[in-house]
1. In the set A:K191, A:K197, A:K229, which member is within 14 Å of chain B (Cβ to nearest Cβ) and open to solvent by 20 Å² or more (accessible area, probe 1.4 Å)?
2. Looking at B:T11, is it within 8 Å of chain A (Cβ to nearest Cβ) and at pLDDT below 85?
3. Quick test of your reading of the structure: A:D264 fulfils all but one of (1) surrounded by 18 or more Cβ atoms within 10 Å (Cβ to Cβ); (2) within 12 Å of chain B (Cβ to nearest Cβ). Name the failing condition by number.
4. So is A:A104 under 13 Å from the mean Cα position of the chain (by Cα) and at pLDDT below 95 or not?
5. Within region A:232-261, take every residue that is more than 19 Å from A:P201 (Cβ to Cβ) and without any contact (Cβ under 8 Å) to a residue 12 or more places away in the chain and give me the one that is farthest from the other protein chains (Cβ to nearest Cβ).
6. Identify, please: which residue in region A:1-47 is within 23 Å of the chain's Cα centre (by Cα) and not in a helix (DSSP H, G or I) and is, among those, modelled with the highest pLDDT?
7. Quick one: how many residues across region A:65-90 are part of a helix (DSSP H, G or I) and open to solvent by less than 20 Å² (accessible area, probe 1.4 Å)?
8. Give region B:62-86 a look and list any residue that's of a type in the set (G, A, S) and open to solvent by less than 30 Å² (accessible area, probe 1.4 Å), or say none.
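The values are calculated or read from the model by the stated rules, or taken from the named source; none is laboratory data. This one's a predicted model, so the numbers in the text were calculated from it and none came from an experiment. Using ideal geometry, Cβ is built from the backbone for each residue, glycine included, and neighbour counts are taken over all protein chains shown. Areas reflect the complete protein model, heavy atoms only, side chains present, ligands, DNA and RNA absent. Shrake-Rupley method; radii C 1.70, N 1.55, O 1.52, S 1.80 Å.
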Amino acid sequence: MAGIDKTAFRKKVERLSNLPTLPGLMERFAEMIQDPATSMAKIGEELGKDQILTSKLLKLVNSAFYGFPGRISTLTHALVLLGYDAVKGLIVTSNVFDELNPTAYPLWRHSIAISRAARTICDVLKIPDQEEITIAALLHDIGKIVLHIEVPDEYLKTIDYAVSNEIPMWKAEREMLGFDHADIGLWLCDKWHLPAKLSKPIGYHHKCSVAREFQERVAVVAAANEIVKALGGQAEDGVILSPTDPTISELIPLTKDQLNEIADRVEPEMEALKSIGPKDLA
Amino acid sequence: MVKQGRTITMTIKLVSISDVQVGMELAKALVNEKGMTLSAEGTQLTASLISRFERMGIEAVYIHSQEQMSEEDYLAKKLHIEKHFSKVRDDPFFIPLKEVILERLEAKR
């Protein structure tokens, strides 16, 4: 099957008609952060003018499923507690999953399970910056969301292709479309001014060894991804496991006890997510 | 104890507050944002407790659940795991992970 014109598709991704408020909002946010005279309270107040965004974001950070600690009652509070970069990621998270079709709900469940697994890996290996890593994990497959929204028929064929040839999704995407979901993730990160600590795990979770920055974070997200898939939480039913980048085992050496601990925390959540979709929480 | 291929194991499940039922038992204590325990681990849920949780905006709670696994279920799951791991038999990341998953399945048997 012929691939999709990469340049044309990139343009389409950058226009993303389904996420209308996001690009403008992210630019405004980026400008405010760069100006040292603008306080967190001011930024919180400014963003808080967008009622829909505020309510979605606070609902997300306070939901038991996403596992952020404690009650967060205002945007300023979220900024202070989680930091600018985490909140940027959350703004994206609170917008993208709403647009998903029920056929892509496994992708949403997979993303939440991975964020929980990533957080647990940080806990057991004492890796700092849990919040940011959790959010990078939530967003790691953002490119797949775009594919589901923008080219739904081609993407379902790509999934079938991966299943019948027993190859990973990124490989099937490269063969069928000419690029993969991690490439799209990087285009979006560029477009939305997301920082490298979020864009690296998004862009390199299938090629950890060539991520030059934030490699440990990339490896946490990649390891969480493989663990969740191994536990049966794939984003696409029927796609089997494929060999990992060896850097993951080197950077994230998990013992069997630690793997058990991760499974203990992630499995009940995966079970509970089975019967719901993003709209139940958004 | 194994009885005619059927066993019962206790597992922990996260259950949405709209699906919890009277008589279910909390598997983890419910703690508010200040760290105060609202309900202890092991508490049996009553109708009034459930509606109180709902009013407080609690979305889901961890409960103990009894799961039965038949021999057929067990074998089907084992077969599925073998297929799922068929391309990664020598991958150092997946070797301990597969052992853990098989042990967890065995524990539920």
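1. Details: A:K191 fails: within 14 Å of chain B (Cβ to nearest Cβ); A:K197 fails: within 14 Å of chain B (Cβ to nearest Cβ).
One residue alone meets the criteria, A:K229.
2. On the way: within 8 Å of chain A (Cβ to nearest Cβ): yes; at pLDDT below 85: yes.
So B:T11 passes the test.
3. The one condition A:D264 does not meet is (1).
4. Details: under 13 Å from the mean Cα position of the chain (by Cα): no; at pLDDT below 95: yes.
Criteria not met by A:A104.
5. The qualifying residue farthest from the other protein chains (Cβ to nearest Cβ) is A:D257.
6. Only one residue tops the list, namely A:L16.
7. Residues of region A:65-90 that are part of a helix (DSSP H, G or I), as a first pass: A:75-82, A:84-90.
This time we only want the ones that are open to solvent by less than 20 Å² (accessible area, probe 1.4 Å), so: A:75, A:78-79, A:82, A:86-90.
Total satisfying the criteria: 9.
8. As a first pass, look at region B:62-86 and keep what is of a type in the set (G, A, S): B:65, B:70, B:76, B:86.
If the condition is that a residue be of a type in the set (G, A, S) and open to solvent by less than 30 Å² (accessible area, probe 1.4 Å), then B:S65, B:S70 are the ones that fit.
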